[in-house]
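A.B. asks: Structure in C-alpha cells, see below.
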Amino acid sequence: MTEQRRVAHIVHDNAALADHLHALWERPHTLVGWLSSTDHKDIGRRYLVTAFAFLLLGGLEALALRLQLAKPDSTLLPPEAYDQMFTMHGVSMIFLYAQPILSGFANFLWPLVLGARDMAFPRLNALSYWIFLCAGIFIYSSFLIGAAPNDGWFNYVPYAAREYNPGPNMDFMSLGIIFLGISTTIGAINFVVTWMRHRAPGMSINRLPIIVWGTLTASAANIVVIPAVSLAFFLLWLDRQFNTSFFAVEAGGQPLLWQHLFWIFGHPWVYALVLPAIGLSADAIPVLARRPLVGYTPVALATVSTMAIGFGVWVHHMFATGLPGLSLSFFSGASILIAIPSAVTVFALIATIFSGKPVINTAFLFFAAFIILFVIGGVSGFMTAAIPVDWQLTDTYFVVAHIHYVLIGINVFPVVGSLYFWLPKMTGRMLGERLGRWNFWLMFAGVNIAFLPMHLTGLWGMPRRIYTYHAGMGWSALNMITTVGAFIFAVGVLLLLVNIALSLKVGAKAGPNPWRAGTLEWATTSPPQPYNFVVIPTIASRHPLWEEDLNDTRHRSHVHRGYELSDHHETIGTTTVDAVPDIILKMPSPSLTPLLLALALSALFVGLLLHAWWVVGAAGAAILAVLAAWLWPQAHLGERLEESETAGAGS
Amino acid sequence: MTDDTADTPRVPLPVGTTGTSANGWYGMWGLVATEGSLFGFLLFGYYYLLFHNTGPWPPDGLPSLRISGPGTLILLASSGVIWWAEHHVRKGRRAVGALIVALTLAMGVVFVALQLKEWAGRPFAFGGTPYSSLYFTITGFHMAHVVVGLLVLLALLVWTALGYFDGRRNAVFRIGALYWHFVDVVWLFVFSTFYLSPYLLR
C-alpha cells in the first residue's frame, strides 16, 4: 500500500540497510534480467560500448578513404563506393558516436554526482538506448544491399533527391535519422527532468559539477533542434517517395530550405557534441591539478551562453549560397562572438593547471592535449567565421581539417581522458599507465600529422569529397602525410582497446577514490552498488569529499547519514534551484517494455522503408499495445488509488 | 562543525506520483517543448516557401472558414471541457468526470471528421505544388497529434471510469489533459497560418 505522505527518517548507513537495498535493487543475473535492466549504470556502459563500436566502424571507413587518397589517380575505391564510405564515416562519427558516447558518460555519472538512485525516467532511459542501437543497425544494414547513404553527412538536395539519387540509399538515411532522433529527444528530456528533480538535498545549482551544466545545456538544445532535422529528413522522404515539392526547384520548392532546416539543427548539435566533453574535462582537470576549478561560475555561464549563441550561428555554413549581406553580417558576428565564452573556459582550465600541482598521468595528458587541440580548432573556426575568408575556404580541405581538430580535439580526447579517469569507477580496475603513455603519444602525434598539414591541402585548393585527384595538382605529398598520420592515430586507438582489455583482466584494483577526488561519485564503491547510495547524501558545498582539506566553510556534507528510503525503489525529489526535498519519488522496476517498444518501432521503420503498409499497421498496433502496458497506472508507484480505496469510492 | 542534516526537512513529504511534483508532469512539458518546436519548424517551412513563391498563394483563392471555423471553435472549447472534467475528477466524482471526458473525446472526433471533410473538398492533390505539399503535411501532422490525443483521452476515460483517480491521486489525469491542451493550442497557430494569414497577406 502506498501511503499519501511519509516522514523520511534520517539514519546512519549500516550493513543491514545495505543488504536490504541490495535485495531490492539488484537485477536478476539472467538474460531477461539483462534485457530488462533500467539501471542507469548498465545503460551508461551499454551506450559507451555501442558508441565506441560505431567509432571503430567509422574509423575503418576513414582508413579506407585515406588509402584511396594516399596517392593520386588511385583506383582502390570506385567513386560510388567512396561516396558511401565518406558519408558513413561522417554519419557514424557525428550521429552514432560523438553524441551517444557522451550520453554514456552522462548516464553513468549523473545520478552518482547528483546523489540520486537513478535517472528521472529509468524505463525511458532504457528505451533511448535500445532505439539508438536499433537505429544504428537500421542505417548500417544499408551496406548489406550495397546502398549505404551517399550524400555526405549533411545530405544536400538536389543530390539527395530521387531524380539524382534513385536508389534506397537516402531512404535508409532519412528514416534512420528520424528513428535515431526519437532516442536523442527522449534522452534529452530525461536529463533535463533529472536535473530539475533528482538532486541530493542541498545540491543547489551553484554546486553542480560542470558535466551537469554541459549535458544539461546540450539536452535543452536537443529538445528544441532535433525536430528540425527530423522534419527535414521527413520532408526529404516525402519528396522522394510521394512527389511533394518542398525542395525540388522544378516543382517550385527551395533547396535552401533543406540547408536552413539542417543547419538550424546542425550547428547547435556540434556544441551538443562538445559541451558535455568540455564538462568532463572541467571536472577531471581540477582533480588532477589538486585544486578546485578556477572560475566555476564563469565556466558554468560560458557553457550556457555558448549554447545560447550557438542557436544563432547556423548560416555560417551557408555563407556561399548567395544570402543577403545583412544576414551574412549578423551570422558572421555571432560566429566570432561565440569565441568569447569558449576562451573563458580555456583560460579557466589553463589557470587551474598553472596554479595547481598537476599529477602528470595519461588522463591528464589527454585533457591537456584537448586544450591545445581546442585552441587550434577554435582559431581555424574563428578564421572561417569571417565571410571573405570563408568564401575562399568553403568546401576545401581546410574545413575538413577544422572539423577534425574540433571533433577529435574537443570530443575524442576528452572522451579517452575520461575513460582513463572514470573507467576505474565503472569497472573497479585501473588502466595501465605505461601502455597509456604509448596510447596518448601515438594518438596525439597521429592527429597532428594527419590534420595539421591538411590546412595547407585546403589552402592549396583541394576540394573536399572528391574521390581522387591528379598527380600534377601538388597535393600528393600532403595527402600521403595525412594518410600516415591517420594510421598512426589508428594504432593509438588500438592500444587503448588493448589497455582496456588488459585492465578488465589484470588491472590494479581501483578502490572507491583512486584520484582522491572531491565529488560525490567517488564516495560510492567501484563499481557502485545497484542502489548507488545507502542513504541519500546531504550536500553543503561544491566538493563534498574535500571539505576537511579545503576547510573553506564550516558546513559539512553527509554521505553516510541521510534519508533512509528503502520501501521498494525510492529516491528523493528536490526543488530545481535550491534542492530542498519536496517529494519521495517511487521508481519503476526493471521492465522488458522498453526493448519491446524499440523492436516494434524498428518494424515500423522497416515497413516504411519497404512501403510494406501491412507491416506498418501491425507495428503500429504493437506499439499501442506496449504503450498501454507501459503507461497503465500502477498503485505501487502512486499513480492510481489502491483497489481498496477504489471500491469504497464512486459517486 | 554543524550538523547540516539538522536543516533537512523532517516534515511529511508526499509519496509517489503526486500532482505537479510528479516527474511525468515535467516530462510532459518536455514533450510539449519539443513538439512545439516541431510545429515551429513546420510553419517556418510554410513562410519560407511562401516568401519565395511567385504564383497565387493559396492556388485556389482565399480559404473558406465555413468548415474550419466551427472545427476550430469545437477544438478550443474541448480544452475547457477537459479542464471541467478534471475539476470533477479531483472532487472524486467518478461518473460525472468520465461522462465529461467522453464529451471531450466526442468533440475531438467531430473536429477530425470536419478536417477530413475539409481535405476532401480541396481542389488539389498532396504533391505537385509547395502549397499543397505544405497544406496536407502540416494539417496532417496536426491531425496525427489529435488522434494521439484522442487515444490519451480514451485511456483517461477508462481509468476515470475504473475509479483510479481522486483528489490526491490524479497526476496521470493532469498529465494527459496537458497534452490535450497542447494539441488544441498548437492548432491556433496552424489555423492562423493557413486560414487567416492569407487575408492579411493578399
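The values are calculated or read from the model by the stated rules, or taken from the named source; none is laboratory data. For clarity, every value in this text was computed on a predicted model and none was experimentally measured. Cβ sites come from the backbone with ideal geometry, for glycine too, and all protein chains shown count toward neighbours.
A.B. asks: A:M454 versus (1) surrounded by fewer than 19 Cβ atoms within 10 Å (Cβ to Cβ); (2) over 30 Å from A:P527 (Cβ atoms): which is the lone unmet condition?
C.D. replies: Checking A:M454 against (1) surrounded by fewer than 19 Cβ atoms within 10 Å (Cβ to Cβ); (2) over 30 Å from A:P527 (Cβ atoms), the one that fails is (1).
A.B. asks: Give the residue, chosen from A:L261, A:L216, A:L235, that is more than 8 Å from chain B (Cβ to nearest Cβ), crowded, with 24+ Cβ neighbours inside 10 Å and of a type in the set (A, V, I, L, M, F, W, C). Break it down into steps so the answer makes sense when it comes.
C.D. replies: On the way: A:L261 fails: more than 8 Å from chain B (Cβ to nearest Cβ); A:L235 fails: more than 8 Å from chain B (Cβ to nearest Cβ).
Going through A:L261, A:L216, A:L235 in turn, the sole match is A:L216.
A.B. asks: Inside the range B:48-79, can you point out the residues that are hydroxyl-bearing (S, T, Y), within 14 Å of chain A (Cβ to nearest Cβ) and surrounded by 13 or more Cβ atoms within 10 Å (Cβ to Cβ)?
C.D. replies: Filtering the range B:48-79 for residues hydroxyl-bearing (S, T, Y) gives B:48, B:54, B:64, B:68, B:72, B:78-79.
In the following step, the residues that additionally are within 14 Å of chain A (Cβ to nearest Cβ) were identified as B:48, B:54.
Result: B:Y48, single match.
A.B. asks: Let me spell it out: the conditions are (1) without any contact (Cβ under 8 Å) to a residue 24 or more places away in the chain; (2) buried (at least 16 other Cβ atoms within 10 Å of the Cβ), and A:V447 meets all of them except one. Which number is the exception?
C.D. replies: (1)
A.B. asks: When you go through B:L162, B:L114, B:L134, B:L201 one by one, which is the residue that is farther than 24 Å from B:M28 by Cβ, more than 15 Å from the chain's Cα centre (by Cα) and either among the polar types (S, T, N, Q) or loosely packed, with under 15 Cβ neighbours inside 10 Å (or both)?
C.D. replies: The conditions single out B:L201.
A.B. asks: Next up: Tell me, please, whether a residue that is without any contact (Cβ under 8 Å) to a residue 24 or more places away in the chain and either under 20 Å from the mean Cα position of the chain (by Cα) or not in a helix (DSSP H, G or I) (or both) can be found in the range A:229-236.
C.D. replies: No, the range A:229-236 contains no residue that is without any contact (Cβ under 8 Å) to a residue 24 or more places away in the chain and either under 20 Å from the mean Cα position of the chain (by Cα) or not in a helix (DSSP H, G or I) (or both).
A.B. asks: Here's another thing I want to ask about it. Checking the condition more than 27 Å from the chain's Cα centre (by Cα) and buried (at least 18 other Cβ atoms within 10 Å of the Cβ), which residue from A:N165, A:N150, A:N125 passes?
C.D. replies: Values: A:N150 fails: more than 27 Å from the chain's Cα centre (by Cα); A:N125 fails: more than 27 Å from the chain's Cα centre (by Cα).
Sole residue among the options that is more than 27 Å from the chain's Cα centre (by Cα) and buried (at least 18 other Cβ atoms within 10 Å of the Cβ): A:N165.
A.B. asks: Moving on. Of B:L156, B:L201, which residue is at pLDDT 95 or above and either β-branched (V, I, T) or at negative phi (or both)?
C.D. replies: On the way: B:L201 fails: at pLDDT 95 or above.
So the residue among B:L156, B:L201 that is at pLDDT 95 or above and either β-branched (V, I, T) or at negative phi (or both) is B:L156.
A.B. asks: Also, I was wondering about something else. Hey, could you check the range A:1-25 for residues that are under 34 Å from the mean Cα position of the chain (by Cα) and of a type in the set (A, V, I, L, M, F, W, C) and say which is farthest from the other protein chains (Cβ to nearest Cβ)?
C.D. replies: Taking the range A:1-25 as the starting set, the residues that turn out to be under 34 Å from the mean Cα position of the chain (by Cα) are A:18, A:21-25.
Still in the list and also of a type in the set (A, V, I, L, M, F, W, C): A:18, A:21, A:23-25.
On the way: A:A18: 19, A:L21: 18, A:A23: 21, A:L24: 16, A:W25: 18 Å.
In this case the residue turns out to be A:A23.
A.B. asks: Can you tell me how many residues within the range B:9-43 are aromatic (F, W, Y), closer than 30 Å to A:T244 by Cβ and within 8 Å of chain A (Cβ to nearest Cβ)?
C.D. replies: 1
A.B. asks: Can you list the helices (runs of 4 or more DSSP H) found entirely within the range A:258-361 that contain at least 1 residues being of a type outside the set (S, T, Y) and under 19 Å from the mean Cα position of the chain (by Cα)? Write out each step before concluding.
C.D. replies: Working: elements: A:296-310, A:325-337, A:339-355.
The qualifying helices (runs of 4 or more DSSP H) are A:296-310.
A.B. asks: Another one. Hey, can you tell me all the residues within the range B:26-58 that are in contact with a Gly (Cβ under 9 Å, 6 or more places away or on another chain) and not in a helix (DSSP H, G or I)?
C.D. replies: Answer for the range B:26-58, where residues must be in contact with a Gly (Cβ under 9 Å, 6 or more places away or on another chain) and not in a helix (DSSP H, G or I): B:H52, B:N53, B:T54, B:G55.
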